[in-house]
Structure formats: C-alpha cells, structure tokens
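> Quick one: this structure, given as structure tokens, is what I'll be asking you about.
Derivation of every value follows stated rules applied to the coordinates shown; laboratory data play no part. A quick note: this is a predicted structure, and the numbers were derived from the prediction, not measured. We place every Cβ from the backbone using ideal geometry, glycine too, and count neighbours over all the protein chains shown.
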Amino acid sequence: MAFVQQSSPHAHSARPTSKVMLWVILAALPGLLAQTLFFGWGNLINVVWCIAIALASEAAILKLRSKPIVFVLKDNTAAVTGLLLGLSLPQFAPWWVSAVAVISAIVIAKQLYGGLGSNPFNPAMVGYALVLISFPVAMTTNWAEPALLWDSAPGFGDTLAAIASGQQTAIDGWTMATPLDEYKHKIASHTAAEVLAHPTFGEGIAKGWEWVNAAFLVGGLVLIGLKIITWHIPAAFLGALVAMSLAFGSNADQYAPLSLHLLAGGTMLGAFFIATDPVSAATSHQGKLIYGAGIGVLIYLIRSWGNYPDAVAFSVLLMNFAVPFIDHYTPPRTYGHHKARRGQPGRGRS
Amino acid sequence: MTQLWDFSGGVHPAEHKQLSTSRPIQAAGIPGQLVLPLQQHIGEPAEPIVAIGDSVLKGQKIADVSHGMGVPVHAPTSGVIESIGDYPVPHPSGMADKCIVLKPDGKDEWCERYPVSDYRKLDRDQVLDIIRSAGISGMGGAGFPTHIKLKPSRDRKVDTLILNGAECEPYITADDMTMRERADEVVSGLKVMAWILRPERCVIGIEDNKPEAATALREAIQGTQIEIAVIPTKYPSGGEKQLIQILTGMEVPSGGIPADIGVMCQNIGTAVAVARAVFEDTPLVCRVVTLTGEALEKPGNFDVLLGTPVDYLLEQAGLQPELVNRLILGGPMMGYTLTTTAIPVIKTSNCIIAATASELPAPPPEQACIRCGQCAEVCPMELLPQQLFWHAKATEFEKAEHLNLFDCIECGACSYVCPSSIPLVQYYRYAKGEIRVQRAEQLKADRARERFEARQERLDREQQDKELRRKERAKAAAEAQAKKKVEAGKAAASGEAVDGRAASSALVEQALARKKASSEAAQAQAAIPADAAPEKPDIESLEKQFAQAQSKLETMQAMLEDAKAQQADNVEKLERAITKNHDRVKRAEEALADARKTLATQTESQSIE
C-alpha cells in the first residue's frame, strides 16, 4: 500500500478563491439589475464588454508571462475587475473608453505588478481613474437619464449602437448630469430647493440611484453574511462619510446633504465591492477600520472641496498608497503578548 | 453555570465523530509482537534493564531513566524479550529509534502488584513516585512526564486544575468514549491529581458535541467540588492555551507555561492512567486508540497494548486496503501521514485514520494569496498568518519571528480556510526549522569564535612572556658582559691582558678538541700550559669507557654461556653482539694507549721547553 503523503491539516473547507469571486459577482447582480431597470441597457452591455476585454487581456498577458492561462482565468478575479468597471463606467461610455480602462486595469495595475495578490492598487480603480483623467468629457457626459427601462429610455439596440459608435450625437436627449455633479455645480449659485428641482433627483433622494445603492447595499450585506468580506471596511467607510457630512455639511445650501452622499453616487458599490478588495486593502481589523475610514473622509473632502463630483476611485487609490504604512502600525496583539509588536524587527518594538 | 470566555478565531470542520462512537471500547487483543520504543515521552530516552531472551511478566519494568527527565517503560503483556534495536517509530519523518521487541507468550500473566490502600496517607512525593514508576507521561500530545508536570516549582501555585475533555479534533473519540465508559476512573484520577496540587478550582472542559460524556461525568462527580464546563464546539478549543482562555479568561504568556498563571491542564487518558497506577498499581501498558475512517469496515475505539503494530490494529478494525488512500496518525487537522503501517502504538497515539480518496481529497493546487485575511480571522493565536506566509516564502525569517511566528501552535485553521489552498502550516514549520538551524549555527559560530579568541589571547600571552624572558636574558647577558669587561680591564691593568684573552678563546677550542685525543696536540704545543690540563680528563674518560666495555663484554659472555646451556634461540644474536663488543673494547684500548702516548709526548715537550 502506498499512502498519500501530505502535510497537516488534511481537511479543507471547500471555498476556493474562484468561488469567493463568483460570490462577489453574484452579490453584485442585484445592483446591476437596479442599474438596468433605472438607467437602461448601458451598464449591462458595459459589464459584458468589460468582462470580455478583461479575460482577453489577462489571457494575453499570461501567455506573455508563460503562466498557465486556463488555471489563472478560472480564479474569476479578472472577471470581477471587468464587472466592477462595467458597473462604474457611464452607461453610454464609448467602447474604447471601457477597453482602455479594463486593459490598463488588468495589464498595468494587475499583471505588471506580478499578477493576482501582488498588486498594491485596486486594478479597477486604476483603470477608472485613468480614463476619468484622460477622457473627462466622455466620462461626464455619458450618464443616462434615470428612467424606467420600459418607459422612455433607449432600447437595447440603440444603446449598443451608441456605445459601439462612440458618437456623442447618437445619445443626445438620453443623457443627464449625475445628481452629485448637478448639486456640486449648481449649489454655488442656487438654493438647495432650486437644485433639487432638477429632474435628475426625481421625487425621492436621487431617482434611480437610491435603488441602485440600496441593491449594492443588500449585495454587500450578503457578502458579509457569507463571511466573504468583513464589516470593518464598509462600516468605517460609511461611518466616516456620515461623520464628515454631519460635521461639515449640515447646511444643504452649501454642501450636498448626507442622503445624497450615501445614495446618489458610487458610495455603496465602493464601500462593499471596491474598497473591500482584499489584495489592495489593509489586513488587520484595526487596519481595515483605518483604511475604510480614510476612504470615507477622502470621498467627502474631494466631493465637497475637490474637482470631482464622485471620488471613490481617487479615495481608494490614495488609501491603497497608505496600506503598507497602516499594516506596519496595526498588527493585532497576539495571544499571550501584552502589546502588539509594531514596526520592523529590531526597531520600534513596543 | 460556569462562566465561559471565547477565544478568537477558530473553525468548524466536519466532525466525523459518529463513525467511531457507535460501538463500545473493545480490547484489541495481543498481537504476535510488541515493539516498545524507549522514548515515548519528552526528555531522556529510557535505558533497557532487560536482556534479549529474558522472560518478563505483564507490568514488569523493562526500561528506566536513571538520570534526567523521563519515565520507565513496562512490558504490556508477559513474554520473552526478542530483540533490542532500531525500529521505525511514530514520527513524521518515518525515522527509526531504539526499541525493545517483546514476543508475547499469550498468557498475559501479571507481575506482583501492590496497590496502596489509601494514597492520602502517603506523602505527596510518594504518590508522585508511584506515578513516575507507572511510566505515565501526558497522553494527549507532547508526552510530558506527568510526575514532573504535577510538581511545579514553589513559586507557581496551581489555582485551577483543568481536565481537557474538549477533544476538538474531528474524527477522534478516544477521550469521548473513555469519559462515557470510564467516568469513575477519570474522576478518581483527577481527584488524585487535585490532592497532589491542592488547587482552588478543578474543572473538566467538554465540548458540547459530547453530551453522553458530560452526563456520565456529572454522575461521577457527585459529592465532589469538581465542575463540569460544557463549552461550545469550535476547533481548536482543546488546544491547551485556548481551553485555558475559555475556562479562565486568562492567557498563557508567550513563551511561558500555564503554571505561570496558576493553571494546569491534564488529559483524560492521563487521569485514567493515574487512577490505575495509584489504586491498582497498574503501570501504563495500554491506551484507548480511535481507529476510524471510511476505509475501515469496523471503525471504533480499542483498548490497545502499547507497542501494538498499526497494521495489526487496522486488521482488527477491518481495513479495506483497496480503499485506503491516506493513513493519518492523530487527527485530520494536526496529525501526520504515515508511510508505513509497521510502527507501534505509543503512549501519545490517540487516533489512526484510514481515509479514502474522496473522504480527505488531495487539496487543489496552490494559488496566489489574495490577502483575503480569512486566515487571520480564524487564527486562535491572533497572528497574521498571511504576513507570516509572505515572510516565510521570502525567507525573511527575522520579520516572521518579529510577527510572533513561534507563538503559532500549528493548529491548521489557517490552511483549512485558505481559499487559495496554500499549505500555510507547512510554510511555518519550514520557517521555524530554518530559524532553529540558524540559531544552532549561530551558537556554534559564537562558541567557535570564543574558542578562537581564547586561543589567540593565550598565544599572545605566551608570546609576551617569551619576549619578557628573552629581554631578561639579554639584560643578564649584557650585565655579565659588562662585568667581564670590567674584570678584563682589571687584568689588563695587572699586565696579563694578552694571556687573559688567549684563555677565553682557549675555552672554546677546548670544547671542540676535547673528544679528539689526537696527534694534533703537537700543534697545541705552542699554547699556554693551561691547555695540557684538560687533556687529563680525556684519558680518565677513555679509561672509564674501556672499563665499561670490558665489563659489558664479560656480562655478555656470561649470558652467552647461559643461553648456550639452555639452548635458547638468541645464541646467535648474542654471539654477534659479543664480537661487536670485542671490537669496541679493542678500540677503547687503542684509544687509551694513543692518549697515554700523546700525554707522554706532551709532558716531554713541556719539559724540553
């Protein structure tokens, strides 16, 4: 009898990385559904297109790096990057904007840094920030007007044609500034009531957006329930955003109200699906709290006093920079030790 | 209700315990051969006190530890000592170690036993000695000698004595079944240990997946102050540090032992062994072993004589060889795979799993770490398994050590949950091993350096001493020189300057000339009369030489005669030696004659002058 030689433990829980990523994709589907219901087919087309480009570019770079292609593609992480970009980009973003975003995310931000697990920055946010800076017009004028799918929005064919042609004229009449953008640029010269009268806000807080954010919130809670992500980053992220808004933004005639901050932009998608990317986030619970809170604070700062109406991508990337620093100072206290051992061996022991 | 605390992390692996709990503990019987390793405990190995061919009775001591930490080994049944030598022993490396092999005679005949009527009337040290002589070492994991553990140093008073009945590893039910069926022995063993330690609190911790065991123990503790604490099932609650945290809320300091915080943990099997040693004078010769896994037809718990080969046991449990894929000694979380079934059960062997390929499938290939942090979530020691992994992989051992690598208890929870199927524990073992090797090498290097430095210092010192002596000599010589000069000066003043100088050079020549009693003496004629004087001892010494050679020759001749008389075989040699000596005597005679002649001439010439 020849027995298998294996190092302990011999038992393993059956939830491989590929399944974790699959759950992330599934948990994002309610949000995608809400986006489709309220903003038309644009996001769905973007998601499919972005995932296709993500897989293709990942396969190409793996081939160049002489890595096993199918084995790596099966971990579903490239698909998640594609999905997150598809969910974040404007509904009518031309095909090449999406392609540039995805390719720079996969090739530059992920694979050139060494592939899965080695990238210091969130790949999807690198791609997003890159196209936001490179193509500011395409990234601000292509947001769909909120309307129920079966109402006046353009049909699937029209949307596909608009994205494929990349012609601005093809989508005239179907686009509208996002609520955060509208508020940011109008509030200087108008009262809150005047600004909120704009159709982009609708009758609730922010037409369509509130449902999309609610759906991402639900999906995020599912991920927490499944223990795929922990509560620390989203809670700190949202908590910091709320705290900042309460501290500085109580005057609605000057700053966007808290409700808009939470439900009008990419807040929930960012809090539960983007900031929680484990590769580029802080590690320990304490570190995650600092990391999440940092993103929340930066989002508020950029939205209120910066140049961009939404700021998830920049905030996440800025905090990615800080992760090694945060990790360095926030190791957990090990059982049987009085204090956590901070810093490097030989220095700064505490 | 006992107050309970929680420990961080932990996992809930599938238990598979029902596989081996359906049948009561059965006797495994006596195999054809028992192999008893001399080291079944931590410390010094025992030394055999029997010889090959000796007949021994069951319970007879066959090996003991005379100095250092350790416990004796006993014959698990009656029989004959067949051999003493190296055999494979239970070890992850599959190594061989010194063992005594016993061939049972099948009679299972006990040696004389003398149970004590009331241990409370004895000294505590006497009871500890009973425990030592019974060969009891911890039966849960490491195998620490129980009598040493039960005698902590004076400054470490044990306030809480914990009996570890958590048995959190999946599959294993040896303690569970022992508690169910032998609750009285468990409790009486615990009572003996409590009597020795006098703790304030005595508690048995049981996971809540063993209600039958808890019920049985509750009955057995009636009328005592022992507590039963039923704790939530979560792996690794049975880890010593974790169980202490659950039951006391305290943490064992890093690098310390539970006694540092006034706590001691003992194992269920150890308690039974103590009870049997004290009340029956029965040494530790058998233990309960769980035989389980889907490749066994009749899994269950067995009373197994120590030294019983694993293949014999697997046969008893109905092994289906075509099904078995992995053979594990211990549990599925911390046990190790066996390469051979030809190893014996020892005091610490609690479980053997014969698993099929589908039961414990090979893990999928290792993928990249996605830093998901689930390993940190489940780590009961609150380490950062992921960072430890990075550092171990990058051979940055110093950083791994800084992140408390050595606090890792290798419970395997991190590897269990790792979505990328990274064998994390293996990386930690590697890092720990490398660090230990480095430390050993460092120690060696330090010692070598110290030795070298000491030697260098000694050599320097010797060099200095030598130099000092040389200087002293030089100084003395210089002084003597100066003195001579002064004397020479004086001599010159008295008009003997030329003669004085000639005298000193003659001293040297004398030394050269002394051995030559030669005709050159004629040339020396011109020298001062002092020259003649040293010639005299020459004749004397020659005379002496001649006399010696003659007496030697005489002795030899006497010896030769003796030898001839006895017809010894050295006659020839002696004859040759005598011839040689004859020559020598002749030469000496000639030299003497020459010398005398020379002397005569000298005297003549002197008189002429």
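> Order these peptides, B:310-317, A:132-139, by their mean beta-carbon neighbour count within 10 angstrom, highest first.
Ranked by mean Cβ neighbours within 10 Å, highest first: B:310-317, A:132-139.
> Same structure again: Below 13 angstrom from the Cβ of A:Ala34, what's the summed charge of the other residues (Lys, Arg +1; Asp, Glu -1)?
With Lys, Arg at +1 and Asp, Glu at -1, the net is 0.
> Let me ask something additional. Work out the FRET efficiency for B:Val571 and B:Glu44 from their Cβ-Cβ distance, taking R0 = 45 Å, and round it to the nearest 0.05.
0.10
> Would you mind ranking B:Ser83, B:Ser117, B:Ser420, A:Ser315 so that the residue whose beta carbon has the fewest other beta carbons within 10 Å leads the list?
In order of increasing Cβ crowding within 10 Å: B:Ser117, B:Ser83, B:Ser420, A:Ser315.
> If you don't mind, another one. What is the ratio of the Cα radius of gyration of chain B to 2.2 N^0.38 Å, with N the residue count, to two decimals?
Dividing the Cα Rg of chain B by 2.2 N^0.38 Å gives 1.75.
> I want to verify a result. In a Gaussian network model of chain A, Cα cutoff 10 Å, which of these has the top mean-square fluctuation: A:His12, A:His337, A:His190?
Result for chain A, Cα springs under 10 Å: A:His12 fluctuates most.
> Rounded to whole Å and sorted largest first, what semi-axes of the equivalent ellipsoid does the C-alpha gyration tensor of the range B:374-435 yield via the square root of 5 times each eigenvalue?
Taking √(5λ) for each eigenvalue gives 17, 12, 10 Å, largest first.
> Also, quick follow-up: Just counting partner chain Cβ atoms within 10 Å, what average do the residues of peptide B:400-409 show around their Cβ?
3
> Largest first and in whole Å, what are the equivalent-ellipsoid semi-axes of the range B:223-271 based on the Cα gyration tensor, each being the root of 5 times an eigenvalue?
Output for the range B:223-271: semi-axes of 19, 15, 11 Å.
> Listed here are the pairs B:Lys17/B:Lys98; B:Lys17/B:Lys241; A:Lys227/B:Lys234; A:Lys67/B:Lys393; A:Lys339/B:Lys151; which of them are more than 27 Å apart at the Cα?
In this structure, B:Lys17/B:Lys98; A:Lys339/B:Lys151 exceed 27 Å between Cα atoms.
> Neighbour counts of other C-beta atoms within 10 Å: give me B:Glu590, B:Glu169 arranged from fewest to most.
B:Glu590, B:Glu169
> To continue, here is another question. Would you mind calculating the relative contact order of chain A from Cα pairs under 8 angstrom and at least 6 residues apart, reporting the percent as a whole number?
After rounding, I find 17 percent.
> Just the ratio, please: alpha-carbon radius of gyration of the protein assembly as shown over 2.2 N^0.38 Å, N its number of residues.
Taking N as the residue count of the protein assembly as shown, the ratio is 1.57.
> Then there is this: Gaussian network model of chain A, Cα springs within a sub-10 Å range: biggest mean-square fluctuation belongs to which of A:Gln35, A:Gln167, A:Gln91?
A:Gln167
> Quick check on the exposure proxy: order B:Cys202, B:Cys168, A:Cys50 from fewest to most C-beta atoms within 10 angstrom.
By the 10 Å Cβ count, ascending, the order reads B:Cys202, B:Cys168, A:Cys50.
> Taking each residue of B:277-289 in turn, how many C-beta atoms of other protein chains fall within 10 Å of its C-beta, and what is the average?
Per residue, the average neighbour count from other chains is 0.
> Then there's this: If R0 is 56 Å, what FRET efficiency do you get for A:His185 and B:Arg439 from their C-beta distance, rounded to 0.05?
Calculated transfer efficiency: 0.30.
> Please give me the summed charge of the neighbours of B:Tyr119: other residues whose Cβ is under 13 Å from its Cβ, Lys and Arg +1, Asp and Glu -1.
Taking every other residue near B:Tyr119 into account, the sum is -1.
> Please give me the summed charge of the neighbours of A:Ser304: other residues whose Cβ is under 13 Å from its Cβ, Lys and Arg +1, Asp and Glu -1.
+1
> Please list, or write none, the lysines whose alpha carbon is within less than 27 Å of the alpha carbon of A:Lys184, excluding same-chain residues fewer than 8 places away.
A:Lys184 reaches A:Lys207.
> From Cα coordinates alone, what are the radius of gyration and Dmax values for the range A:16-176 in angstrom?
So, for the range A:16-176, Rg and Dmax equal 15.9, 50 Å respectively.
> Also, quick follow-up: Quick check: Cα centre of the range B:17-85 to Cα centre of the range A:136-204, how many Å?
Between the Cα centres of the range B:17-85 and the range A:136-204 lies a distance of 84 Å.
> Just tell me how shielded A:315-324 is by partners: mean number of partner chain Cβ atoms within 10 Å of each residue's Cβ, no decimals.
Per residue, the average neighbour count from other chains is 0.
> While we're here: Could you check what % of the DSSP bridge pairs in the protein assembly as shown are antiparallel, to the nearest 5?
The answer is about 65 percent antiparallel.
> Now a separate question. Over the Cα atoms of the range A:208-350, each weighted equally, I'd like the Debye log10 I(q)/I(0) at q = 0.15, 0.20 Å⁻¹, rounded to two decimals.
-0.75, -1.14
> Taking each full run of DSSP H in chain A as one helix, which ones are at least 15 Å long along their axis (Cα atoms) and have mean Kyte-Doolittle hydropathy of at least 0.5?
Counting only whole DSSP H runs, the qualifying helices are A:17-39, A:42-64, A:77-88, A:123-134, A:209-225, A:232-248, A:285-305, A:312-329.
> How much length would be gained if the chain were fully extended between B:Arg449 and B:Arg124, taking 0.36 nm per residue of separation minus their Cα-Cα distance, in nm to one decimal?
112.2 nm
> While we're here: I'm checking a number: the convex hull volume of the Cα atoms of chain A, normalised per residue, in Å³. What is it?
179 Å³
> Now for a different question. Given contacts defined as C-alpha pairs under 8 Å and at least six residues apart, what's the relative contact order of chain B, whole-number percent?
Relative CO of chain B lands at 14 percent.
> Check the straight Cα-Cα distances from B:Lys157 and name the aspartates and glutamates below 15 Å, setting aside those fewer than 8 residues away within the same chain.
Within the straight-line limit of under 15 Å, B:Lys157 reaches these aspartates and glutamates: B:Glu200, B:Asp260.
> Please list, or write none, the lysines whose alpha carbon is within less than 21 Å of the alpha carbon of B:Lys597, excluding same-chain residues fewer than 8 places away.
B:Lys515, B:Lys516, B:Lys536, B:Lys544, B:Lys586
> Based only on Cα atoms, what Rg/Rh ratio does the range B:40-148 have, Rh being taken as Kirkwood's radius?
0.99
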